[in-house]
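The values are calculated or read from the model by the stated rules, or taken from the named source; none is laboratory data. The structure displayed is predicted, hence computed values, not measured ones. FYI the Cβ positions are ideal-geometry reconstructions off the backbone, even for glycines, and counts take in every protein chain you see. Note: accessible area is taken over every heavy atom of the protein model, side chains too, but ligands, DNA and RNA are not part of it. Shrake-Rupley method; radii C 1.70, N 1.55, O 1.52, S 1.80 Å.
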Amino acid sequence: MVEIADTAAVGRASVRDAAGLRPLTAVPLSQWHRLSERAIEPNGYYLPPWELAVNAFANGRTGASALSARSDAAPDAVTRLIGLMPVISMMRAYRIPLPALVSAHPYGTLCTPPLDRDRAHEAATGLLRAARQAGAHALILRDMSLDGAAMRTLREVLRQESLHPRVLQSQLRACLDATRDADELLRDALGSKKLKELRRQRHRLAEHGDIRFDVARTREEVSAALETFLRLEASGWKGKRGTALIQDEGDAAFARCAAPALAEKGQCEIVTLYAGTTPVSAGIVLRHQDRAFFFKLGIDEKFAKFSPGVQLTLDLTRHLCADPTIATADSTASADHPMINPIWRGRFAIGDVLIPLRRNDPAVAVIHAAMMLRGLVREFARRTVHLIRDR
């Protein structure tokens with residue numbers, strides 16, 4: 001378990017052995033799988049094989065706890081898991097000793113919690129109750145889909161309790177409408193001149209061997225393709241910065257555990273673009289319900305002048321648009337991502353939300369002020385770094 005530390009002004013609250021909180025590993029796996037199937041809103045990063053692998057291995061992301069909501073109104077008279085929220089303390093998330101719980105980051109930039117679609121209000125109410133029982137005064141939900149079904153449900157429950165969530169920061173993120181014809185979509189997004197230039201680059205890339213777009217789906221295929229992806233990612237700028245998955249033992253272990261396990265359930269693909277026998281780019285794609293999630297991209301920078309990452313994304317776009325089971329794809333990229341934004345022109349709002357758990361609670365004002373100050377400090381630091389780099 002973790003502890004929520006607090007200042008003397010608002011009192012100290014411990015979540016150790018609290019009724020509302022338990023280790024993430026204690027959540028019954030079969031019930032978590034069923035909840036994922038019934039979730040009101042897809043999130044590939046909170047699928048059990050992914051989040052449990054993150055929790056077991058990923059650097060700085062292990063040892064999360066879970067808020068859970070249960071219902072005994074199931075037809076089979078068995079208590080059913082209807083809501084789940086992986087969390088850590090505010091102290092651990094931000095080094096701020098205040099009584100709040102924060103979404104545990106599942107490596108992918110989406111923390112929308114699974115709520116049972118048939119009992120969504122009951123699930124949201126249960127999660128808020130569990131957070132209160134854990135001693136928290138607020139929840140900070142990071143990287144939430146602000147207009148999605150889960151957030152709408154939480155807002156409705158909060159409104160009934162006369163509580164008002166506060167958006168701490170928000171941005172628009174690229175997404176793909178996979179119900180459209182891919183060629184028409186790409187023409188609208190890039191224009192004929194840009195597509196012509198990309199075709200020219202592809203023809204030049206083909207001088208190194210026939211171009212082939214490969215999709216690994218089975219556990220064995222994904223395991224092999226993952227190693228190719230890991231090598232490509234480490235060969236580029238991420239490797240130079242030391243942020244490639246394979247450069248950290250825990251991060252590599254998480255990826256090697258999660259991707260094949262999800263592939264067994266048809267929830268992970270690895271796409272690779274080849275020139276002859278040489279892989280020039282690769283990406284990891286998660287699938288949950290009718291949505292795909294573009295997790296990461298790796299390229300061989302020796303072929304950079306042929307735009308291998310863009311070429312892979314064009315093929316991935318055609319692949320997803322041709323799949324009748326996929327309606328949308330989340331880029332899970334930053335708001336200003338220079339590669340994906342011009343290609344996937346759909347946008348949706350994502351952000352961090354502060355949820356008070358009690359009315360007129362002075363602790364919430366302290367938590368909100370601390371988060372605003374943290375945001376200002378981070379923005380100042382970001383601008384300073386950019387200024388130094390520019391000079």
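In terms of distances greater than 28 angstrom between alpha carbons, the cross-link table entries 194/240; 196/302; 238/265; 193/238; 265/305 yield 194/240; 238/265; 193/238; 265/305. Rounded, prolate or oblate: pick one for the range 106-220, where a ≥ b ≥ c are the square roots of the eigenvalues of its C-alpha gyration tensor, a/c under 1.5 means rounded, and failing that, prolate if a/b is larger than b/c, else oblate. Verdict is prolate for the range 106-220. Between residue 215 and residue 305, the simple spin-label model (points 7 angstrom out along Cα→Cβ) gives 3.3 nm.
Per-residue ellipticity at 222 nm from helix content only, as computed over the chain with -39500 (n - 2.57) for each DSSP H run of at least four residues, stands at -12500 deg cm²/dmol. Would the range 31-138 count as rounded, prolate or oblate if I go by the C-alpha gyration tensor, calling it rounded below 1.5 in a/c and otherwise prolate when a/b exceeds b/c, oblate otherwise? In terms of gyration-tensor shape, oblate.
Magnitude of the charge dipole for the chain, about its Cα centre and with charges confined to Cβ atoms of Lys, Arg (+1) and Asp, Glu (-1), is about 1100 debye.
Rg/Rh for the chain (Cα atoms only, Rh after Kirkwood) is 0.99. Largest accessible area first, the residues 166, 80 order themselves as 166, 80 under a 1.4 Å probe with ligands, DNA and RNA left out.
Working ranking of peptides 22-34, 84-96, 286-298 by packing, defined as the average number of other Cβ atoms within 10 Å per residue, highest first, is 286-298, 84-96, 22-34. Across 307, 71, the residue with the most accessible area heads the list, and the full order at a 1.4 Å probe is 307, 71. In plain terms, if you count all Cα to Cα distances in the range 108-159 and split them into 10 Å steps from zero, the share in each step is 24, 57, 19 percent. Accessible area per residue for the chain is 45 Å², calculated with a 1.4 Å probe on protein heavy atoms, without ligands, DNA or RNA. In this Cβ point-charge picture (+1 for Lys and Arg, -1 for Asp and Glu), the range 234-303 has a dipole of about 140 debye about its Cα centre.
Take 172-182, 235-245 and order them by the average number of nearby Cβ atoms within 10 Å per residue, most first; the result is 172-182, 235-245.
Within the accessible surface of the range 189-258, defined with a 1.4 Å probe on protein heavy atoms only, the carbon and sulfur portion equals 49 percent. If you run the Gaussian network model on the chain, springs between alpha carbon atoms under 10 Å, then out of 301, 51, 41 the most flexible one is 301.
Split the accessible area of the range 280-391 by element, probe 1.4 Å, and carbon with sulfur accounts for 58%.
Overall shape: oblate for the range 250-335, with the ratio a/c of the largest to smallest alpha carbon gyration tensor axis at 1.5 or above and b/c at least equal to a/b.
Taking the 1.4 Å solvent-accessible surface of the range 31-164 as the whole, the part contributed by carbon and sulfur is 47%.
Extension gain, residue 379 to residue 29, is 122.0 nm, computed as 0.36 nm per intervening residue step minus the present C-alpha separation.
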